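Report on one structure; see the data block that follows.
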Amino acid sequence: MRGADNVVYFNEVPDVRDGFRWETIINAISSASAPGKLLMQVYLDESGDTGWTFSHPYRNGGSSRYLCLAFLFVPKIHRKITQKVIVDMYNDYGWKSEKKASSAAESQQLKFCEGMNECLSNHHDIKVDCIVVKKENVQDHIRKDPNKLYNFMTKMVIVDHVKDLLEFEFIPDKRSIKVESGNSLSDYLQTVLWFDCHSKVRVVHHPAESHRNYNLQFVDWISHCVWSHFEDGEANVFSEANKLIKIRRLFFDSHSLPLNQAIGS
């Protein structure tokens, strides 16, 4: 339906069994004006872990060697477009509950990447940006507080995308926030943007549960498709996933400063 402010509103996660017409929804969203606030949404999820046990293989007593954070930057009026990639997969494969990319077949991951690339090709204001850290090269003093590493990685990606906005909606997965306080990551971002970047942008922190939010599932699939390439050497899915997204590398060279490496793929 269309609200008094001329913005089209829908339930955040419609039931995929309802058989609604996505074409009608997307056309309505594209034609609606969107005055006011919160025009940009930023979704965050990760693959890998923040452990430091490298004496054993990963999945056999050891920690992951890589951690990938994936970010989706989508104008709010286009958020249903990226959601549709996930909804189509629910319909095609008959899934009744959240499907994690880590449990998906290669053919399903390739199908997701094709849908993602179509979104990015047709809508240049939708962006995907990832950062991958090679954890074995992280210095000992940083390992004592992995939350700061997670926060730093988030800053390296988000700042350039949002610093010229008035405000944006930051939507991480509630289960993936590696901080003691649920607001500390957003508080850190706000401090960096205001005092380091001299930006006036306001961070609106709205963590959500991925099983209730298709765009968080979207970034879950992105993060896994990128992370599995570095962690497991997967190549087929990555070659499709890597066509239109940005991937930054952190601590891949143990002799370089992190800032010099997190500048792109």
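Table for the structure above
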item	result
Given (1) at positive phi; (2) surrounded by 14 or more Cβ atoms within 10 Å (Cβ to Cβ), index of the condition residue 67 fails	(1)
For residue 69: the one exception among (1) modelled with pLDDT of 65 or more; (2) more than 23 Å from the chain's Cα centre (by Cα); (3) of a type in the set (A, V, I, L, M, F, W, C)	(2)
Residue in segment 112-144 that is nearest to residue 79 (Cα to Cα), counting only those that are of a type in the set (S, T, N, Q) and free of Cβ contacts under 8 Å to residues at least 60 places away in the same chain	122
Test: residue in segment 157-171 that is surrounded by 15 or more Cβ atoms within 10 Å (Cβ to Cβ), closer than 26 Å to residue 233 by Cα and not acidic (Asp, Glu)	yes
Residue 189 modelled with pLDDT under 95, under 18 Å from residue 131 (Cα atoms), within 18 Å of the chain's Cα centre (by Cα) and outside any strand (DSSP E or B)	no
Scope segment 40-53; condition out of contact with any helix residue (DSSP H, G or I) (no Cβ under 6 Å at 6 or more places or on another chain) and either more than 16 Å from residue 228 (Cβ to Cβ) or not acidic (Asp, Glu) (or both); matching residues	40, 42, 44, 51, 53
Considering residues of segment 192-206 that are of a type in the set (A, V, I, L, M) and within 19 Å of the chain's Cα centre (by Cα) only, the residue nearest to residue 174 (Cα to Cα)	204
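The values are calculated or read from the model by the stated rules, or taken from the named source; none is laboratory data. None of these values were measured; they are calculated from a predicted model. Glycine gets a Cβ as well: all are built from the backbone with ideal geometry, and neighbour counts include every protein chain shown.
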